[in-house]
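Report on the structure given below.
The values are calculated or read from the model by the stated rules, or taken from the named source; none is laboratory data. Small disclaimer: the values here were computed from a predicted structure and weren't measured. Cβ sites come from the backbone with ideal geometry, for glycine too, and all protein chains shown count toward neighbours.
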Amino acid sequence: MFDPIKLEVYRNIFISITDEMGTLLKLSSFSPNIKERRDYSAALFSERAEIFALGAHIPVHLGAMPSSVEAALKEVELGEGDTALLNHPFYGGTHLPDITLISPVFWEGSPAFYVANRAHHSDVGGMQPGSMPLAEEIYQEGLIIPPVKIEEKGKVNRDILKLIAANSRNPEEREADLMAQIAANRKAIHRLQELLERKGEEAVEYAYHIVDYSERILRKRISELPSGKFYFQDFMDDDGFGSQAIEIKVCLWKEGQNLVIDFAGTSPQVRGGINANSAITLSAVLYSVKLMLGEDLPINSGLLRPVKVKIPPGSLLNPYPPAAVAGGNVETSQRIVDVVLGAFSMMLPHRAVAASQGTMNNISFGGRDFAYYETIGGGAGATPESHGASGLHTHMTNSMNTPVEVLEREFLVLIRRYELRKGSGGRGRRRGGDGIVREYEFLSPARVSILSERRRFSPYGLEGGQGGKPGRNLLVKKGKVKVLPSKINFKVGKGDRLVVETPGGGGFGKED
Amino acid sequence: MKRAGVDTGGTFTDFVFFEEGTLRTAKLLSTPENPALAVLKGLGEGAYFLIHGTTVATNAFLEEKTARTALITTEGFKNLLQIGRQTRVNLFSRVPLKPPEIIPEELCFVLRERVLYDGKVDIPLSREDVERLARTLEERGVEAVAVVFLHSYANPSHERLAGDVFSRKFKVSLSHQVLNEHREYERAVATALNASLLPVMEDYLDLLEKNARGEVYIMNSSGGFMTTEITRRMPVLTLLSGPAGGVIASHAVGKFLSLDRIITLDMGGTSTDVSLIKGGISITRSSSLFHLPLRIPMVDIQTVGTGGGSIAWVDDGGALRVGPESAGADPGPACYGRSELPTLTDALVVLGRIREEFPLGEGLRIKPERSFEAVGRIAKKISSDLYRTAEGILEVSLSNTERAVKLVSLERGEDPGEFTLMAFGGAGGLVAAELAHRLSIPRVVIPPLQGVFSALGMLLSDGVREYSSSFLRQLSPETVEEAGKRFGQMEREAKKDFPEGALIFERVCEMRYRGQGYEISVPFVNSAESLLNSFNQLHMKLYYHTQDRPVEIVNLRLRAVLPARKPELPQIPSRRAEPVFEADIYHGGRKMNCLFYRGQDLGNGSFLRGPSVITSSHGTVYIPPGFVAKVGIYGEIWIEVENV
């Protein structure tokens, strides 16, 4: 049994360590993506590779980080002062730009904990600047790194660092960002070793207690859920290679104190890069479960223990290599949340929530020696008690925008418009939030990739509320306007403009 | 001429006077409808030099009584304040929320104009457009205007033109004057807040200055006072000056006690403020207010929602939690007799540190039996005994507070073991020794004159203003020389903002590796090599690594200080400590005998061994077993672990 007082004390200590890792990444890193947009996460793991503390950063990293630690432990032997690095989507990664570093925390000769941090790098090579292309197989998407040792006995392996850097369009930035990531783990190791010095075995025990604690409350809440099977389905627009709508289907029910989430009936894997590996699906499920049943609970692997997730192999959500996956993490993850929350809304009507924008609107561009990546917010879905918020990131991401004044200083682009897209939120008794309009003017020729969704199918409304307006991507070339598809790689010339209109959120209830 | 420090609080307005070598204190009931009345009444006759901490701006903001303000920005960016950084403040919630928008969308307007990052004009601003918009604003009943054009820090000419037209009819804030830095949202927040506070600050200062008999200076959030002329232009600089008061006082009192490394702990009813003093007060430019980023210089204070009134509860999973809900002053902890809420204060009553024989604060008698009942209910829920539960509530509270101390020390690369903990506020002295012990802080000091501590800090404070200048050059001997010249210019300009007197300047340059987004502050010296070394050392200390990359100087920061004439603190006679009674307390799971002292019975040199309790109208101090306390010449109480 645990001591309820110590539980709270340890929870405070652990969270302060992940916060400190995040702060270090933000303040000392180099890509706009990390320093301005804060697209990173930090977590502490037990010896069994379960998360027991997680910095409140980016939800899509949550469920996926434990598989990184598992893969690292399986593939490389981690001694004291060693750090593993990986981005391989079929060995513990999600998509290639997300690079994860894992280090053991040694105490009395063996690992007591692991620490990990993940950051989204602006470019890891591949066919398009920003490494978020529309591709057919993973080899086109960038450098694939299985678990390797970036640090050995406290010494950085320069060879690997140089290899990664050489494969990026901005090599100096890669190297510098990886150094910041290594430092973040070092800091956490230092703090945890101090703690173990002072508290000994007790610190390890309480890491487990915290996970058990989340699990116990969640099981209790699951057992109180209504019985029955609840179905929901929704569609991805297309895979960027002319596919038809792609279905994601879910069925949700409780079995005693367990929750079963079954994705049977989901489309097979597709040609374009919106396949999502099972770790991403776990992240999306964990996020949805926390939202519906455990907003107040500490986030850790305990929330996954009572949840049985079934995903058909070879499907969109559990693809075989060499499927392309760049958009799985950012786009498909959003749709998984939409369907899981949809099924929950059937199960718990008083906690229903209409669909939010359901995309991250990934825009990347660059040239021979530069690359930039960003995402754009949209509208949030309405609930029985509230209108949806406008112009913000929803569900699986919460990355910031790059300030226009930073973007224009660092890249050859002007932002001509960045405003709310009035009237795009779904109407209803409660209105969905409005999306955003962002207009780029390119000041030099560049290659651009867009991975976006909800350009065809609206974010759904509930109980008679209307869906949000779908998004639109427009290219303005010499005064001529052309509607672009949801996913595309293309070239722009000097003076061309790209206008991205992001989707609104779904409304709730019939308008009076 | 007498000097006066005056602090307006919610209930009382505190006064500390210094005249002909003696220090005098007074308290008057505040006059919330018009705070200047209590200030003027307390100041009385005769000429004075007044240093005043006012919450006029803070209250106007909190009570949403600011001016009807319009935002004017570049065409295409109407929703600058609504979109913000496009993030939500609550990561896991069905109902995502954004920071407050400050100015509603219907009062946000755009003008056709555009400046580029290098200051070049892409689209010129037409005066006619501005005049047309001014008429619209008039029709809409606007009182104040915030002008925020993109890249105005690089070329302010458009903002100046707009300001020229608008200022004929409205109160105006121009963003390059409020916060001359890039990142448009952060600049817009500061400018919008500033504009919305202009009229209320002007009204307040008009009344105060018309009736005051002497010079008036206003406390700002960065630890010193400034002229009323600056305050009228920049009311946003006072927005967070309230909690700064205790830190300023700690710094000032620290000088008398020869302490230059202090961690301040201000534990009140609902929250605890922690700050670090190393030589000087720590200043930050990245604080926030209700999730709004506030990039103005202010005392670096970390606040946690744990105080004497924080409510203990047991969550669904059986964990004991304390706060962030607070019983506040009304209804207050269970022992006040108006609620059944089990709070940290009640836990301390159960443990015997707070007793009914001694009133808490201003004549408030407590009812211990109510604390026993309230904490007993928690004990039942976690199947523990009463005393263990009370110690648990204390322990959880301490762990919350510990986090704030770590944020201002360890996270800034400072070892708390090299500091003294200065504790004040209603509950500070009750927990300080144990908190210090957990953090390996070797020594605690409870400062004198706690009842008017902020006002004392004001009286002892210096004139302070922070200046900044955007620089952005690669570090080299040539650029360092140029920076030196620029500092010289800034110093000449700064002299205009202060009354007569010899100013002290602190030059700091903010540096980073090229490509980083945030800077490290390095004290400026006239040598590129030393600057580089200091920067690398600090980077290593803070971020655990250095990089082999070019280094840039991004901003030059100047802190101008006008040292005030300092009074001596009153000294107290020496005296042997005599307890007034003894009683049982609980500590570490054991019952033990504890001596109780009255503050007024102690004198210079009084020596106490723990467990003991000192109570006075300023607060209660607990000396745990294994600790000793010694009273100093100013009545300050030093607490340390007893050397055996």
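General remarks:
- Counted residues, segment A:377-400 - those being of a type in the set (Val, Ile, Thr), at the interface with chain B (Cβ under 7 Å from one of its Cβ atoms) and under 16 Å from A:Arg38 (Cα atoms): 1
So that you can scan it fast, the table gives a plain yes or no per residue for (1) in contact with a His (Cβ under 9 Å, 6 or more places away or on another chain); (2) more than 14 Å from every other protein chain (Cβ to nearest Cβ):
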residue: B:Asn536; (1), (2): no, no
residue: B:His545; (1), (2): yes, no
residue: B:Ile585; (1), (2): no, yes
residue: B:Cys594; (1), (2): yes, yes
residue: B:Leu602; (1), (2): no, yes
residue: B:Gly635; (1), (2): no, yes
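- Test for A:Ile261: is it assigned to a loop (DSSP other than H, G, I, E, B), modelled with pLDDT of 95 or more, surrounded by 19 or more Cβ atoms within 10 Å (Cβ to Cβ) and not assigned by TED's automatic domain parsing to the domain that holds A:Ser452: no
- Of the strands (runs of 3 or more DSSP E) lying entirely inside segment B:35-116, those containing at least 3 residues that are out of contact with any Leu (no Cβ under 9 Å at 6 or more places or on another chain) and farther than 28 Å from A:Ala389 by Cβ are B:48-53.
- Candidate set: segment B:76-106, residues that are of a type in the set (Val, Ile, Thr) and at the interface with chain A (Cβ under 9 Å from one of its Cβ atoms); chosen: the one surrounded by the fewest Cβ atoms within 10 Å (Cβ to Cβ): B:Val95
Quick grid of which residues meet (1) touching a helix residue (DSSP H, G or I) at 6+ places or on another chain (Cβ under 7 Å); (2) more than 28 Å from B:Val580 (Cα to Cα):
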residue	(1), (2)
B:Thr345	yes, no
B:Ile378	yes, yes
B:Thr401	yes, yes
B:Val408	no, yes
B:Thr420	no, yes
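- Residue check for B:Leu439: buried (at least 18 other Cβ atoms within 10 Å of the Cβ) and free of Cβ contacts under 8 Å to residues at least 40 places away in the same chain: yes
- Scope segment B:268-288; condition under 10 Å from the mean Cα position of the chain (by Cα) and of a type in the set (A, V, I, L, M, F, W, C); matching residues: B:Val274, B:Ile283
- Tabulated pairs, segment B:267-294, first closer than 15 Å to B:Val405 by Cα, second assigned to a loop (DSSP other than H, G, I, E, B) and among the polar types (S, T, N, Q), C-beta under 7 angstrom, 6+ apart or interchain: B:Ser271/B:Thr306; B:Thr272/B:Thr306; B:Ser275/B:Ser282; B:Leu276/B:Ser282; B:Leu276/B:Ser409
- Of the residues making up segment B:135-164, those that are over 17 Å from B:Gln177 (Cβ atoms) and either buried (at least 19 other Cβ atoms within 10 Å of the Cβ) or among the acidic types (Asp, Glu) (or both) are B:Leu137, B:Glu138, B:Glu139, B:Val142, B:Glu143.
- Subset of segment B:550-565 (residues that are modelled with pLDDT under 90 and surrounded by fewer than 18 Cβ atoms within 10 Å (Cβ to Cβ)): B:Pro563, B:Arg565
- Residues being away from chain A (no Cβ under 14 Å), farther than 30 Å from A:Val404 by Cβ, of a type outside the set (A, V, I, L, M, F, W, C) and crowded, with 22+ Cβ neighbours inside 10 Å are represented in segment B:209-218 by at least one member.
- Subset of segment A:167-185 [in a helix (DSSP H, G or I) and in contact with a Leu (Cβ under 9 Å, 6 or more places away or on another chain)]: A:Arg174, A:Glu175, A:Asp177, A:Leu178, A:Met179, A:Ala180, A:Gln181, A:Ile182, A:Ala183, A:Ala184, A:Asn185
- Test: A:Glu197 is modelled with pLDDT under 95 and facing chain B (nearest Cβ under 9 Å): no
- From the options B:Ala390, B:Ala432, residue that is touching a strand residue (DSSP E or B) at 6+ places or on another chain (Cβ under 8 Å), aliphatic (A, V, I, L, M) and under 30 Å from B:Pro570 (Cβ atoms): B:Ala432
- Among the residues making up segment B:567-614, those that are assigned to a loop (DSSP other than H, G, I, E, B) and either in contact with a Leu (Cβ under 6 Å, 6 or more places away or on another chain) or more than 30 Å from B:Glu19 (Cβ to Cβ) (or both) are B:Pro567, B:Pro570, B:Arg576, B:Ala577, B:Glu578, B:Pro579, B:Val580, B:Gly588, B:Gly589, B:Gly610, B:Pro611.
- Evaluation of B:Phe290 against the conditions (1) out of contact with any helix residue (DSSP H, G or I) (no Cβ under 8 Å at 6 or more places or on another chain); (2) among the hydrophobic types (A, V, I, L, M, F, W, C); (3) modelled with pLDDT of 90 or more shows that the sole unmet condition is (3).
- Scanning segment B:306-340 for residues that are more than 14 Å from every other protein chain (Cβ to nearest Cβ) and surrounded by 24 or more Cβ atoms within 10 Å (Cβ to Cβ) yields B:Gly307, B:Gly308, B:Gly309, B:Ala327, B:Pro333, B:Ala334, B:Cys335.
- Candidate set: segment A:216-249, residues that are among the small types (Gly, Ala, Ser) and under 27 Å from A:Ile450 (Cβ atoms); chosen: the one surrounded by the most Cβ atoms within 10 Å (Cβ to Cβ): A:Gly240
- Listed by first and then second residue, the pairs linking a residue in segment B:575-596 that is at pLDDT 95 or above to a residue that is among the hydroxyl-bearing types (Ser, Thr, Tyr) and outside any strand (DSSP E or B), with Cβ atoms under 8 Å apart and 6 or more places separating them unless they lie on different chains, are B:Tyr586/B:Tyr387.
- Whether a residue is touching a Leu at 6+ places or on another chain (Cβ under 7 Å), within 23 Å of B:Glu411 (Cβ to Cβ) and not in a loop (DSSP other than H, G, I, E, B) was assessed, and B:Val508 does not pass this test.
- Taken together, the criteria place B:Tyr153 among residues that are under 33 Å from the mean Cα position of the chain (by Cα) and under 26 Å from B:Glu519 (Cβ atoms).
- Qualifying positions in segment A:317-335 - within 12 Å of the chain's Cα centre (by Cα) and either among the hydrophobic types (A, V, I, L, M, F, W, C) or in the same structural domain as A:Leu462 (by TED's automatic domain parsing) (or both): A:Ala326, A:Val330
- The residues on offer are B:Ser241, B:Ser222, B:Ser196, and the sole one that is small (Gly, Ala, Ser) and more than 17 Å from the chain's Cα centre (by Cα) is B:Ser196.
- Of all residues making up segment A:348-371, the number that are in a loop (DSSP other than H, G, I, E, B), more than 13 Å from every other protein chain (Cβ to nearest Cβ), modelled with pLDDT of 95 or more and closer than 30 Å to A:Asn170 by Cβ: 1
The rows are residues; the columns are (1) over 19 Å from B:Leu107 (Cβ atoms); (2) at pLDDT 95 or above; (3) among the charged types (D, E, K, R).
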residue: B:Arg140; (1), (2), (3): no, yes, yes
residue: B:Val147; (1), (2), (3): no, yes, no
residue: B:Val165; (1), (2), (3): no, yes, no
residue: B:Ala190; (1), (2), (3): no, yes, no
residue: B:Ala195; (1), (2), (3): no, yes, no
residue: B:Glu202; (1), (2), (3): yes, yes, yes
residue: B:Asn211; (1), (2), (3): yes, no, no
residue: B:Ser221; (1), (2), (3): yes, no, no
